[in-house]
Amino acid sequence: MKYSNILLALYFLIPALTVSAAPAGEVIDRLDLSRPGLELVAQHHREGNDSLASLDLLDYFRHRTDVKSVGVDPADPKLSDEERRWADEGLEHKFFAHSGYQPSYFYGDDIDWQYWPVKDNELRWQLHRTKWWVPMGKTYRVTGDEKYAIEWMLQYRDWIKKNPLTSFDGIKDSGMEEVDNVYFAWRPLEVCDRLEHQIEQFDLFLPSPNFTADFLIDFLDNYHRHADFANSHYSAEGNHLLFEAQRVIYAACFFPEFKDATIWRKTGVDILNREIGKQILPDGVQYELDPGYHLDCVNIFGKALRMMNANGYHGEFSDEYMTAMEKMMEFTYNMCYPDFTMPLFSDSRQKTKRDMMGTYNSWLKFFPENNPLLYFTSEGEKGALPGYNSKAFPAGGFYILRNGWTPQSTMMILKAGPEGEWHNQFDNGTFELWANGRNFFPDSGSFIYGGDEEVLKQREWFRRTAAHNTLTLDGRTLATRVSQLLKWETGDYCDLTVVETPGYEGLTHRRAVFFVEHSFFVIADEAYGEAKGNVALNYHLLPSEPIEDKEHKSVSTSFADGNNITLQVFGAEDMTSEEGWTSPLYRVKYPRPAYAFHAQKSAEKPVRLITVIYPADAAKHDIKAEYTDNDSANGASLEVSIDGKKYPLSYTL
Ligand code: MG
């Protein structure tokens, strides 16, 4: 007999494991017993019979109808095959802690909540999100098998017993190998994750005959400790703070019976009202400049609003809140490619069409008249596309050059913004280019987050400037990552953006991107200042087997479907092959061709390079490009010719 089955058998014979929780009376005292429906609880509590009061309370929760969850619907839990596997592996203590570490590790028959097989902080933090518990609840609802409920309760109490909330002075982000378990188990982000998902677990397991009044008291005691802790340990800023506030709002809305719920709700709402003005830049970009976190933040604001609306709390979010949400959405559908994928800038990871549709559909409930949203959610059946193609988001530093919104369109996203925050990489001037269903220059991504030295080393490779499609000096990473927009123009002949990054001491990179006749790209790069050294343009293609022509500083993809690009650099002295990777998901990376085009810079003269990216097969086109002016601080003039056809290009500042 398997160990888990022996445990299960024993479980039917012995009373539920008791943990050192607060007495029932103390937990009941935290409730507002004047609420309708709690009369019997109040009466029995007053009479000193807390055993009866606990039973009444369980009965109350099993029958209450005035509180709504907006998470998993227990009546229709939609269990996926993957979730079923996580649930079943969870029974055997193989816990799904992180998608980047599969197959899941075994945490011991007697669960070791401090087990840390790879010193990646995320692996240990996220164990405490107990991501297999909701799947266990869904599986319980789908199968009706009590073993899932019994095991959940066993693990729930085991977690409480082995992860006590001891002294917690603050979040320690570095040197995590040295810190106490409490900084993993009780990091506010993890606490709040549990706040949200334990609502779903509560709903899913509540009908179980094994969900006893004693367990209810332990659950409420633990849940209240979580919400109370979260509401007094908010992160200082960024997406963590938003996640925390949204989840405290969830706690307040789902357990309004707690006397503290009103203050939790007010604090959470105040934070979101304040932070949406602070974290969302005037063009709708979340200030961490990370498309993935931008999307998370849109969802946070939306979820908080949904939970409040579902439970009848209207009018607590400001008008500015709604305006900012709509702007965030506009940026989102602009930066998404027509196949609903998203760029991999900063710490972003691949999203699927299903992910994006879920988000778009949830937004549509708040903005039912929004034409682009109607269009995207109905895949063109309703609504209308935005009335423009190219669009600049100058506060966030995202410049989108496109010739349409269909799968056949071409679209470049140039990234050159302000400092950003921790998730933002040293990538100013980089871009992704998508054409006709293919992302030719996916960003390198991030591969991994923080951890010990070995983990951090892996992260650093992806954050480096040279891992991006931009200019470097001596291969170094930018010392400062603040760019300025110098010019943005759209027109019939071409769209143009000019950005500048004074990234190194003594060297400024000016990059002008022309989207010529809305069909091909010309990039005019100038590196000026008194610095000298090796200037390189770095380009990273998608995983493929391109045709290289180092003599002509050119490379072309060679896909059999004919959807290809040729990239050619003018003004470089040398072209070298470089190490290249792209990481669409955590700890997943693919090798890909990467190149550097070098020019030696003297203190006296700027380096001026031109890159042409043309959508075609290399052999068929004769491409030439040169500057036609003498260097000037006020602009640039150049001429590009494709198969003899000349394209004069210029800008003045
Ligand atoms: Mg990157």
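Might you let me know whether the stretch 417-426 holds any residue that is out of contact with any helix residue (DSSP H, G or I) (no Cβ under 9 Å at 6 or more places or on another chain) and free of Cβ contacts under 8 Å to residues at least 40 places away in the same chain? Looking for residues that are out of contact with any helix residue (DSSP H, G or I) (no Cβ under 9 Å at 6 or more places or on another chain) and free of Cβ contacts under 8 Å to residues at least 40 places away in the same chain, one finds none in the stretch 417-426, hence no. Test residue 488 against the criterion of being at pLDDT below 95 and either at negative phi or within 16 Å of the ligand (Cβ to nearest atom) (or both), and give yes or no. When the stated conditions are applied, residue 488 does not pass them.
Please indicate, with yes or no, whether at least one residue in the stretch 602-619 is assigned by TED's automatic domain parsing to the domain that holds residue 473, crowded, with 22+ Cβ neighbours inside 10 Å and not in a strand (DSSP E or B). Looking through the stretch 602-619, at least one residue is assigned by TED's automatic domain parsing to the domain that holds residue 473, crowded, with 22+ Cβ neighbours inside 10 Å and not in a strand (DSSP E or B).
Do we have residue 630 as exposed (fewer than 11 other Cβ atoms within 10 Å of the Cβ), in contact with a Ser or Thr (Cβ under 7 Å, 6 or more places away or on another chain) and either in the same structural domain as residue 494 (by TED's automatic domain parsing) or among the aliphatic types (A, V, I, L, M) (or both) here? No, not satisfied. Residue by residue through the stretch 541-576, note down the ones that are touching a Phe, Trp or Tyr at 6+ places or on another chain (Cβ under 6 Å), farther than 15 Å from residue 623 by Cα and in a strand (DSSP E or B). 575, the sole residue that qualifies.
Here residue 481 passes the criteria (1) open to solvent by less than 10 Å² (accessible area, probe 1.4 Å); (2) in a loop (DSSP other than H, G, I, E, B) except the one numbered (1). For the stretch 427-470, filtered to residues that are more than 9 Å from the ligand (Cβ to nearest atom) and in a strand (DSSP E or B), the residue that is farthest from residue 398 (Cα to Cα) is 451.
For (1) open to solvent by 10 Å² or more (accessible area, probe 1.4 Å); (2) out of contact with any Leu (no Cβ under 7 Å at 6 or more places or on another chain), each residue gets a yes or a no:
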position	(1), (2)
162	yes, yes
166	yes, yes
183	yes, yes
201	no, yes
206	yes, yes
210	yes, yes
214	yes, yes
219	no, yes
235	yes, no
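Somewhere in the stretch 404-413, is a residue within 15 Å of the ligand (Cβ to nearest atom), touching a residue at least 40 places away in the same chain (Cβ under 8 Å) and within 23 Å of residue 607 (Cβ to Cβ)? Scanning the stretch 404-413 turns up no residue that is within 15 Å of the ligand (Cβ to nearest atom), touching a residue at least 40 places away in the same chain (Cβ under 8 Å) and within 23 Å of residue 607 (Cβ to Cβ). Selection of the stretch 485-499 for residues being open to solvent by less than 10 Å² (accessible area, probe 1.4 Å) and under 18 Å from residue 640 (Cα atoms) yields 495, 496, 497, 498.
The values are calculated or read from the model by the stated rules, or taken from the named source; none is laboratory data. These figures come from a predicted structure and were not determined experimentally. Glycine also receives a Cβ, built like all others from the backbone with ideal geometry; neighbour counts cover every protein chain displayed. Only protein heavy atoms, including side chains, enter the accessible area calculation; ligands, DNA and RNA are left aside. Shrake-Rupley method; radii C 1.70, N 1.55, O 1.52, S 1.80 Å.
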